[in-house]
1. Could you pull out the pairs from 114/153; 139/171; 82/153; 139/182; 135/171; 94/150 whose alpha carbons sit more than 19 Å apart here?
2. Under a crude label model (7 Å from the Cα following the beta-carbon direction), how far is residue 177 from residue 142 in nanometres?
3. With the other protein chains left in place, how much accessible area per residue, in square angstrom, belongs to segment 104-177 at a 1.4 angstrom probe?
4. Which order do the peptides 109-119, 94-104, 190-200, 145-155 come out in when sorted by mean C-beta neighbours inside 10 angstrom, highest first?
Amino acid sequence: MAMEITNNYIYNTIQDMKKNHAAESTQKETEQAAKEPANSGTDKAHKSDVAVIYTNSLQNKKQDLADYVRELAKLAPSVSVKAGATFSSARSGKTLTISYGILNKMRNDPQTEKDMKEMIKGVDFITKFMDGIYKASGKTLVYSNSFIDKDGKYRCFSHVVDKRSLTMSSKLRQVRKKNAQKLIDKSREKALKKRKELQKKSAVKRTETRRRVDVKL
């Protein structure tokens, strides 16, 4: 009798444990199902936050670069300084475009920054110097576009007009044309005379050479 009671007790205990385990499993599945939509929404919100942060970061970098270029522009007040991939297409004024590549190097390498700042100051100096030359010679600068590439090399091209020649009277242009033609004719005469002299000397040398050959024979 005692053995039967014990067996019944063990059986009932095992059944109760199975029921409890099944109940716990059902509860966990229910809780997991309830969490999944919430987690999905959280993930979407997280991704959205990341996108916003990334966009803000790009905007901040662009703003930082713009501020940096504005600071560099103070080194060359005689030209319009901007960041770009190549020369400005402006057909008036004076511009200096700085490559994005060299700007990034400048912001990460103090020595490159120092060297490029000196170059920018040099651009300002040479621009003012050339302005003085154009003014003294009566010429007018229409536009000047310069560029510092990703390797830190400087290039420039300009369009200059000689207003004196444009305003010169027809009569004066004819006089200058005649004088230029006279100079050309005179140069041709000198060249022809020099050529004849050389030919004459060459002929004399050939004659002397022949005589020496005859004597030897």
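1. On the way: 114/153 15 Å; 139/171 21 Å; 82/153 16 Å; 139/182 26 Å; 135/171 25 Å; 94/150 21 Å.
Beyond 19 Å: 139/171; 139/182; 135/171; 94/150.
2. Taking the simple label geometry, residue 177 and residue 142 are separated by 2.2 nm.
3. On the way: 5160 Å² over 74 residues.
In whole numbers, segment 104-177 has 70 Å² accessible per residue.
4. Result, highest mean first: 94-104, 145-155, 109-119, 190-200.
The values are calculated or read from the model by the stated rules, or taken from the named source; none is laboratory data. Fair warning: this is a prediction, and the values are worked out from it, not measured in the lab. Glycine gets a Cβ as well: all are built from the backbone with ideal geometry, and neighbour counts include every protein chain shown. Remember, those area values only see protein heavy atoms, side chains included, never the ligands or the DNA or RNA. Shrake-Rupley method; radii C 1.70, N 1.55, O 1.52, S 1.80 Å.
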